[in-house]
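Heads up: the structure comes next, in structure tokens.
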Amino acid sequence: MSAAHTAPPEPVRYERHGAVAVVTMDRPDYRNAQNSAMTYALDRALYRAADDNEVKVVVLAGAGKHFSAGHDIGTPERDAHLPFDRKAGLWWDHSDKQGAESRYARESEVYLGMCRRWRELPKPLIASVQGACVAGGLMLAWVCDLIVASEDAFFADPVVRMGIPGVEYFAHPWVMPPRIAKEFLYTGDRMSAQRAYEVGMVNRVVPRAELAEHTMELAIRIAEMPRLGLALTKRAVNQAEDLQGMHTGMDSVFGLHHLAHAHNAETAKDSLGGMDVRAMKEASA
């Protein structure tokens, strides 16, 4: 394994308030875009919450105006090319490989693998979402058991503009009705918090100024339940989703996702179809 890269600033904050751990993404200047340093910091924070016997519920939040604008495809701290100590699977280091061999190994680890493992955290996980929850941000919200959104929150998966069939953690047909999921993907349009509530993707919509308070109140209420009871209930619902095909469905779409990357690499400017941050913003305007 190659030597691990460690970014100087810690991009995730961890705080405990009684029986509730609050894990906060802390790259507000970049709308909490997720580079590898942040992904592995999230992993460490969730392991910490899992290991802490005093913690019964975990809240996942984002600092600043936005929950998360997605994967880091253009900040000065983008680090997709660097090696890290792999945690989510047994795929080899991607940083000294090329083409599909590199991308498939990395995304199996930091996207699909990490998200699947976080979904199985045996403690309730609540997303507290404001502003943008886009693409990779959706993946983080979707691994959570509950989503509390502010009135200004919006959700989008615009990667079909890259010729790619949705983000790597393809939960779309399970977190919303299939026809809504198709419209969501086909158009790349933003879905408001209210619409997300109407289709069952979000549990509660609250005023922006009250988001943290409402989320904490819900977390504290849930923390009154027995720890094992919560863990077994979470496992029961997750198993039901997987019996409906969620796990195998994601596997199949992950392959299609990488077919799209490979097609782009052969026919376009790059594996993202030439769509950089500016182009995506302009297309979404």
Q | Matching residues in segment 66-117 - criterion: being polar (S, T, N, Q) and either touching a residue at least 60 places away in the same chain (Cβ under 8 Å) or open to solvent by less than 60 Å² (accessible area, probe 1.4 Å) (or both) | A | 68, 75, 95, 102, 108
Q. Quick one: which helices (runs of 4 or more DSSP H) sit completely within segment 21-135 and have at least 1 residues that are over 15 Å from the mean Cα position of the chain (by Cα) and of a type in the set (Val, Ile, Thr)?
A. none
Q: Show the residue pairs that are 6+ apart or on different chains and have beta-carbon atoms under 6 Å apart, the first residue being within segment 152-175 and closer than 19 Å to residue 192 by Cβ, the second being β-branched (Val, Ile, Thr) and open to solvent by less than 10 Å² (accessible area, probe 1.4 Å).
A: 153/129; 157/167
Q: Give segment 170-212 a look and list any residue that's among the basic types (Lys, Arg), touching a Phe, Trp or Tyr at 6+ places or on another chain (Cβ under 8 Å) and more than 22 Å from residue 119 (Cα to Cα), or say none.
A: 190
Q | Residues located in segment 152-165, provided they are in a loop (DSSP other than H, G, I, E, B) and buried (at least 23 other Cβ atoms within 10 Å of the Cβ) | A | 153, 157, 164
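The values are calculated or read from the model by the stated rules, or taken from the named source; none is laboratory data. Every value quoted in this text rests on a predicted model; they were computed, and no experiment measured them. Here Cβ is always computed from backbone atoms with ideal geometry, including for glycine, and neighbour counts include all displayed protein chains. To get the accessible areas, we keep the full protein, side chains included, count just its heavy atoms, and leave off ligands, DNA and RNA. Shrake-Rupley method; radii C 1.70, N 1.55, O 1.52, S 1.80 Å.
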